[in-house]
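Single-structure report; data block below.
The values are calculated or read from the model by the stated rules, or taken from the named source; none is laboratory data. All values reported here derive from a predicted model rather than from experimental measurement. Reconstructed Cβ throughout: ideal geometry from the backbone, glycine too, with neighbour counts over all protein chains shown.
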Amino acid sequence: MLLKIFPPLSNFVTILIHSEPTHTWAEAHVTPDKRDQAAFCIAVDIAWHRCGGAPQYFNAWGARYQGGPPHDPEFLKCLEAFVGSESIGTPQTPGYDRHLEGLVAEHIWHLLTKENTLAFGPPVRVDGPGWSVTDPGGDGLAIYRREDVLVFRLWESKAHTGGQPVHEVVNGACQQVALNALRYLARYSKVGQSLADPELQEFYGRLPEMWRIAAREAGGGISVSTTSAAIQDSFEPLPAHWRFTHDDQRQGLVVTIDGYADFAKLVREHLWKGL
């Protein structure tokens with residue numbers, strides 16, 4: 001299976017961790033010679049994430065990607081519903097570029113968080129991206145265990161392809177989270193309370209309240225995938241919006257990829273290759 005044999009995304013990025021008095025942030029960069037491997041890795045994550053409840057579709061996608069025979073037309077319709085719908089589209093009807101760029105940004109965060117590249121410790125659980133970037137709700141939730149206590153970080157992911165400074169994108173994302181965090185966390189809470197683990201059930205049930213009182217267990221993060229090289233001071237807006245006490249409760253991730261908009265299309269080409 002492709003997912004089992006392909007290296008993690010972190011193999012194709014350089015990572016630098018920064019610790020500031022009010023927040024921590026990670027700087028990741030995909031070098032030009034690693035673009036294709038990184039794009040394929042993200043495509044695999046998208047396909048696996050979408051087909052996770054029906055692995056026969058992921059396996060069929062992988063077989064076709066590796067040169068297998070064309071899918072039966074009726075089966076292809078179902079596979080396209082998994083791998084070629086909403087923010088992705090098909091070669092005949094591509095999705096909107098802006099939506100694609102956002103979806104890829106969410107999955108970049110998803111992979112780098114699962115792989116513990118943020119140096120915060122291995123996550124206990126990561127609730128990843130939604131089906132479409134236009135879906136309501138948060139972009140991601142990561143649960144950790146620190147000093148035998150569960151903590152969470154609510155994340156918002158953005159793609160940055162415009163001319164404004166990255167810190168303006170971060171500022172807008174901070175405002176979005178501050179306005180909607182309780183609603184986002186209520187949605188995650190409902191899902192988490194169906195887990196088999198009683199400790200996680202109880203923890204998920206308290207997510208909105210922990211954020212509301214700025215509890216030590218709570219925290220948030222903003223992830224930006226961008227072409228821009230001007231990323232210094234990008235996360236200074238965090239303390240103005242989130243009233244947490246400790247620097248590790250405010251986190252940032254900026255991923256620079258030359259020609260990010262074209263990179264997102266490259267991810268889509270990998271996805272289409274399995275259709």
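Here are some notes:
- Exactly one residue out of Val166, Val126, Val149, Val133 is under 24 Å from Ala264 (Cα atoms), β-branched (Val, Ile, Thr) and surrounded by fewer than 20 Cβ atoms within 10 Å (Cβ to Cβ): that is Val126.
- Inter-residue pairs, beta-carbon under 7 Å, first more than 16 Å from Arg243 (Cβ to Cβ) and in region 167-188, second part of a helix (DSSP H, G or I), 6+ apart: Ala186/Pro208; Tyr188/Tyr204; Tyr188/Leu207
- Only residues that are surrounded by 15 or more Cβ atoms within 10 Å (Cβ to Cβ) and either without any contact (Cβ under 8 Å) to a residue 12 or more places away in the chain or hydroxyl-bearing (Ser, Thr, Tyr) (or both) were counted in region 64-88, giving 3.
Yes/no per residue for (1) more than 22 Å from Glu101 (Cβ to Cβ); (2) over 18 Å from the mean Cα position of the chain (by Cα); (3) at pLDDT 95 or above:
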| residue | (1), (2), (3) |
| --- | --- |
| Gln175 | no, yes, no |
| Ala218 | yes, yes, yes |
| Leu238 | yes, yes, no |
| His246 | yes, yes, no |
| Gly259 | no, yes, no |
| Leu271 | no, no, yes |
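Okay, residues lined up against (1) under 21 Å from Val126 (Cβ atoms); (2) part of a loop (DSSP other than H, G, I, E, B):
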site	(1), (2)
Ala63	no, no
Pro69	no, yes
Phe82	yes, no
Gly102	yes, no
His107	yes, no
Thr113	yes, no
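- Output for region 149-168, where each listed residue is over 16 Å from the mean Cα position of the chain (by Cα) and either part of a helix (DSSP H, G or I) or modelled with pLDDT of 90 or more (or both): Val149, Leu150, Val151, Val166, His167, Glu168
- Test for Leu118: is it crowded, with 22+ Cβ neighbours inside 10 Å, aliphatic (A, V, I, L, M) and closer than 28 Å to Tyr204 by Cα: yes
- The residues of region 228-268 that are of a type in the set (Asp, Glu) and either free of Cβ contacts under 8 Å to residues at least 60 places away in the same chain or in a loop (DSSP other than H, G, I, E, B) (or both), listed by number, are Asp233, Glu236, Asp258, Asp262.
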